[in-house]
Amino acid sequence: MGYVLKLGGAAIIVLLLGVLGIILFDAVWARVGMGAALIVVFGGILLFAWNVDRRDKEKRAGLDELPDV
């Protein structure tokens, strides 16, 4: 049941962030066009994913040097 609640909470957060993004970037959609605005949004998502991946790699830095069990 905990996984379902986490998944539902994540879906709600993504929905709210999408609505917030549309509201915040409303002027950008009209001025530069949909393509450029989508590049900005997806660029931000890629930057976030890269940062999370980098932190995860730092956490697992020494695990490859452990002896086999």
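The values are calculated or read from the model by the stated rules, or taken from the named source; none is laboratory data. Given the structure is predicted, the values throughout are model-derived calculations rather than measurements. No Cβ is skipped: glycine too gets one built from the backbone with ideal geometry, and neighbour counts run over all protein chains shown. For the accessible areas, the whole protein counts, side chains as well, though only heavy atoms, and no ligand, DNA or RNA atoms are used. Shrake-Rupley method; radii C 1.70, N 1.55, O 1.52, S 1.80 Å.
Considering only helices (runs of 4 or more DSSP H) fully contained in the chain, which possess at least 3 residues that are at pLDDT 90 or above?
Qualifying helices (runs of 4 or more DSSP H): 2-24, 34-59.
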Give Arg54, Arg60 a once-over and let me know the one that is of a type in the set (Lys, Arg) and open to solvent by 100 Å² or more (accessible area, probe 1.4 Å). Arg60
Search region 33-46 for residues that are touching a residue at least 12 places away in the same chain (Cβ under 8 Å) and pair each with any residue that is aromatic (Phe, Trp, Tyr) and surrounded by 12 or more Cβ atoms within 10 Å (Cβ to Cβ) when their beta-carbon atoms are under 8 Å apart and the residues are at least 6 apart or on different chains. Ala37/Phe25; Ala37/Trp29; Val40/Phe25; Val41/Phe25
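Go through region 1-22 residue by residue and tally those that are open to solvent by 70 Å² or more (accessible area, probe 1.4 Å) and of a type outside the set (Phe, Trp, Tyr).
Our first condition is that a residue be open to solvent by 70 Å² or more (accessible area, probe 1.4 Å); within region 1-22, this holds for 1, 3-7, 12-17, 19-20, 22.
Filter once more, so that each one left must be of a type outside the set (Phe, Trp, Tyr): 1, 4-7, 12-17, 19-20, 22.
Of the residues in that region, 14 qualify.
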Regarding Phe25, is this residue open to solvent by 50 Å² or more (accessible area, probe 1.4 Å) and in contact (Cβ under 8 Å) with a residue 12 or more places away in the chain? yes
